[in-house]
Every structure is written in structure tokens, then in C-alpha cells.
Ligand code: GLU
């Protein structure tokens, strides 16, 4: 059967988006785009207790930042609207009732207190084939009592078979099989009429004609429940193909990477800054740390996938062409922050100044640096971008082109400063004042000639000149700097520092 490719990212809006979540978006997006399919975002918000203000908007802002725009979503609309499960509440009950009618589910009347008591009584209590007949439900009670109880609060639970094997093919893992005896009788419809995730995900994947369901490995244990529901609802032929994406692991490979690991080890785990509306606590994101979206997308793609060669740098368009689910690894992918920074550095180097300008200009202005000349900014970006790993590095590497350094590291010059050097620089100021053609090569030539005349080694004079111009031991070629900041400013900075050294 030739189906139109329709994939979905189905987040529950409960907080900031973990990089693993964005990778799930990315793999969905790449797969959809390479086959001319649709990428859908469906908000799975049926658990009202976990609703977090602002989390949905954050998801769409993240996707916009990464350039991974959905074709259909609550924010973009589409033919299967609404795309928020809380707005589709009326769709689900009939399917749960149908399952009861067909003997695949049942009504359960146990109160929260009764279940609590059971959990205390029996360690690791599970509502399952082994215990359901001791509980309050339409299977264990006589018909009259059950009917009576239907007037009160009740849920619908799946009746997991006691001894069956559920098998399916995962695009990454191959044949996967589960024994149903290990799976509990999960609630499908809650007392408030809302479906749980398990029912809603199957019903909506069906109604929205999803052809492929890709999600994190943490959902693998739920797969048998979903597969049985597809079968029991009579939709087996329309079931999507599955792929469970490998976990993203802590840097040491010991377990899943969590937000807490990021806090502990000092790197971001969320895509963008996230402020918890309850605690007011802000968690830093990759964007605010100074990552380019191109780099973020690129590094995520390589967490669990490669194209079979040593190539590591890919644009989004290249990824759309190259990506294949069969090359996604089964094993977890270790997150390496140093490697993540390497990607960003490479992307800063790759992008032209015009693409970096908006972000750099905002950062510099935010740091209080006035940018009079946009033309100069592009030249500066080209000159210093090799030295920047994260975008805020531009503040140090580019700031001194636009304003004289606030601090001068004279301590780095003083130990080797003597009268011969003082004389050299005083003469250099004079030579530069007379210089008719202000250009890096010309300035270097004059500098070297003067050093030779004075019998001084140019290497020992370079550092003082650098510190005069930029304030410290950083920045690109010192004559390039002088060339760009211009004659008046170069001389002013040199004279200022010479004044400090006497
Ligand atoms: N709502 C689930 C989540 O929050 C989606 C899992 C799935 O894609 O089936 O991740």
C-alpha cells in the first residue's frame, strides 16, 4: 500500500524542550521532507495536572528557531484540526466503549483510596491479569453491582491478555517482541472523560492518518499496548511504522541525559532558555548560550545517526537528502559538550558575516557597544569569526574594534618594558602619523623596518602593540586590527598606553 508519508511530533507541554525532544522533531522532519510528506505537531495535553503555562508556545518558538516548521499544528492549522488533544475530548470515549463491548477493556470503579491501600498492602502492586479479579470492576463484580457502580465515577482499563506475545517491526531495532504478562491494565479513559495518553495517541494517529510514528526509546515499553489497541480497534492495516529513537546519554554514558546533568556539569540541555512559571527558575538553553540554530540542528542529527562516511557537517537541506532511518543506531548516543561546541565553532566559521551579523550586532549592543558602521561590523566578523566558539565570544573578539578597551593589561608588558621599547613605540607613532596609505600590509612593513633600524626583534614588540590596541592577549592579527580601526584610533590607543607605561 502506497501511503502518503505523515509523521508527527506529539509532545506533552510540561516544560522546556530537552535536546532529545528536538532530535525527535528533527528526525520526523527530515523523514517527512525527503519523501514529500507532512510533518505534524500534535499537543498531547490530556493530563491536565501536568499542564504548564507557556510550554506549548515554547515548543513552537523552539521549532521556529531551528527552522523545523510543521505543516500542521495548533499554531499552523490543518485539515485534521484541532491538533490539541484537550480540544478533541469528545472523540475518544466511543473507542474506549467499543473496546469494552468487544471484550478488550472493562470498567473499573476502584477509588483512589482503595488503590492506595492496595499499593501499601502489596509491594509493586500492578493492576493486571493477576490482580484484576480482586479489584472493583465490571469483570469481577456481578452485573447488577457493576451497573449500579456505573452511576458513580469510573475509568476504562485495557484488559491485557495474560499470555500472549506482541510482535512488531521497528525501523531501527528490527523485530521486537513483548510478553503481555509483563504489562499492566492501563487506564484508557479517565473518570473525567479525558483519555489517557495510550488511548489518545492511537486514536489520533489513526484519525490523522499518521504513516510513521517516531519517538524516544522511553516509549518502547508502551508499544505493546498501542499495537494491541490498533489491532483491537480494527485498524491494523493502517497502523504506522514504528521507530524508537536511541536515548541521549550522559557524557560518561551512564544513563539518560537529564536537565540536572546539565546543571551539574555546566552545559545546556534545553533548546532555549526556559523559565519555570511556578518557581521562576530559569534553565539556560543552547540558543542563549550562543549556539547557532544551524549548529544545533547539525549536532542533534549526529546524535545517533551518520551518513556512513566521516562527514560531520551538514546543512538542513543536506540532512534532508542524506538522512535515513536505517542508519540510526540502536545504542544510546553519548552527549559530548566539547563536541557540541566544535560544531558551533565550525558553523560560525562557515557562515558569511551577513548571516552572523544580526546575532552578533544584538550581542554587542546588549553589551553596551555602539556600532556606528555596519560595514565595519561585517569586516570585523570575517576577521575574528575563526576565534569564536560561542556567539558571546564576539563580545571580546570584536568589541574593541568599536570602542577602546576599558581595561589594559599593562602587567603583561611591564616586566619587559625598557627605554629602547619606549623609544621604538614613540617613533612608530610618528611613522604611523606620517603614513599615507593605511593598510595592514603597509603598517606591518613600517613596523618591521623600524624594528630592524632599532635592532629590536619584531616578535618582542608585537605583544605590547597588541595590548595597546585591544587591551589584552587576544584578537586577530594586530596589523589587521590597526588597519580596520583606522589611523586616528590606532595612534590614540598607542599614545594612551605609552602614557600609562612611563
Ligand atoms: N506525548 C508523548 C510525549 O510526551 C508522545 C509519545 C509518542 O510520540 O507516542 O513524548
- Task: Would you check if residue 171 is in contact with a helix residue (DSSP H, G or I) (Cβ under 9 Å, 6 or more places away or on another chain) and touching a residue at least 24 places away in the same chain (Cβ under 8 Å)?
- Result: yes
- Message: For the stretch 159-195, give me the residue count where each residue is farther than 21 Å from residue 100 by Cα, outside any loop (DSSP other than H, G, I, E, B) and within 33 Å of the chain's Cα centre (by Cα).
- Response: 9
- Given the conditions (1) surrounded by 20 or more Cβ atoms within 10 Å (Cβ to Cβ); (2) within 15 Å of the ligand (Cβ to nearest atom); (3) outside any strand (DSSP E or B); (4) touching a residue at least 40 places away in the same chain (Cβ under 8 Å), every one holds for residue 215 apart from (3)
- Task: Give the stretch 30-54 a look and list any residue that's touching a residue at least 60 places away in the same chain (Cβ under 8 Å) and over 19 Å from residue 202 (Cβ atoms), or say none.
- Result: 30, 31, 33, 34, 37, 48, 52, 53, 54
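A quick yes/no check of all residues on (1) under 30 Å from residue 299 (Cβ atoms); (2) surrounded by 18 or more Cβ atoms within 10 Å (Cβ to Cβ); (3) under 20 Å from the mean Cα position of the chain (by Cα):
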site: 197; (1), (2), (3): yes, yes, no
site: 232; (1), (2), (3): no, yes, no
site: 268; (1), (2), (3): yes, yes, yes
site: 279; (1), (2), (3): yes, no, no
site: 282; (1), (2), (3): yes, no, yes
- Verdict on residue 300 being within 30 Å of residue 356 (Cβ to Cβ), surrounded by 13 or more Cβ atoms within 10 Å (Cβ to Cβ), under 13 Å from the mean Cα position of the chain (by Cα) and at pLDDT 95 or above: yes
- Message: All but one of (1) under 23 Å from residue 303 (Cβ atoms); (2) surrounded by 23 or more Cβ atoms within 10 Å (Cβ to Cβ); (3) touching a helix residue (DSSP H, G or I) at 6+ places or on another chain (Cβ under 7 Å) hold for residue 85; state the number of the condition that does not hold.
- Response: (1)
- Query: For the stretch 5-103, which helices (runs of 4 or more DSSP H) that fit wholly inside it have 2 or more residues that are under 27 Å from residue 323 (Cα atoms) and away from the ligand (no atom under 15 Å from the Cβ)?
  - Reply: 19-34, 55-66
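Conditions tested, residue by residue: (1) closer than 30 Å to residue 255 by Cα; (2) over 20 Å from the mean Cα position of the chain (by Cα); (3) in contact (Cβ under 8 Å) with a residue 24 or more places away in the chain; (4) surrounded by fewer than 15 Cβ atoms within 10 Å (Cβ to Cβ).
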site: 311; (1), (2), (3), (4): yes, yes, no, yes
site: 319; (1), (2), (3), (4): yes, no, yes, no
site: 328; (1), (2), (3), (4): yes, no, yes, no
site: 333; (1), (2), (3), (4): yes, no, yes, no
site: 341; (1), (2), (3), (4): yes, no, yes, no
site: 348; (1), (2), (3), (4): no, no, yes, no
site: 353; (1), (2), (3), (4): no, yes, yes, no
site: 374; (1), (2), (3), (4): no, yes, no, yes
site: 396; (1), (2), (3), (4): no, yes, yes, no
- Query: What are the residues in the stretch 317-370 that are closer than 23 Å to residue 216 by Cα and not in a helix (DSSP H, G or I), if any?
  - Reply: 323, 324, 328, 329, 330, 331, 332, 333, 334, 335, 336
- Quick one: which residue in 300, 228 is part of a helix (DSSP H, G or I), touching a residue at least 24 places away in the same chain (Cβ under 8 Å) and within 27 Å of residue 331 (Cβ to Cβ)? 300
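Every residue, every condition in (1) modelled with pLDDT of 95 or more; (2) closer than 30 Å to residue 316 by Cα; (3) surrounded by fewer than 16 Cβ atoms within 10 Å (Cβ to Cβ), yes or no:
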{"position": "70", "(1), (2), (3)": "yes, yes, no"}
{"position": "95", "(1), (2), (3)": "yes, no, no"}
{"position": "101", "(1), (2), (3)": "yes, no, yes"}
{"position": "123", "(1), (2), (3)": "no, no, yes"}
{"position": "129", "(1), (2), (3)": "yes, no, no"}
{"position": "144", "(1), (2), (3)": "yes, no, yes"}
- Note on the structure: Flagged pairs (Cβ under 6 angstrom, 6 or more apart or on separate chains; first in the stretch 1-22, on the phi > 0 side of the Ramachandran plot and at pLDDT below 95; second part of a loop (DSSP other than H, G, I, E, B) and more than 11 Å from the ligand (Cβ to nearest atom)) are 15/52
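The values are calculated or read from the model by the stated rules, or taken from the named source; none is laboratory data. The model shown is predicted, which means the values in this text are computed figures rather than measured ones. Methodologically, a virtual Cβ is constructed for each residue, glycine included, from the backbone with ideal geometry; neighbour enumeration extends over all protein chains shown.
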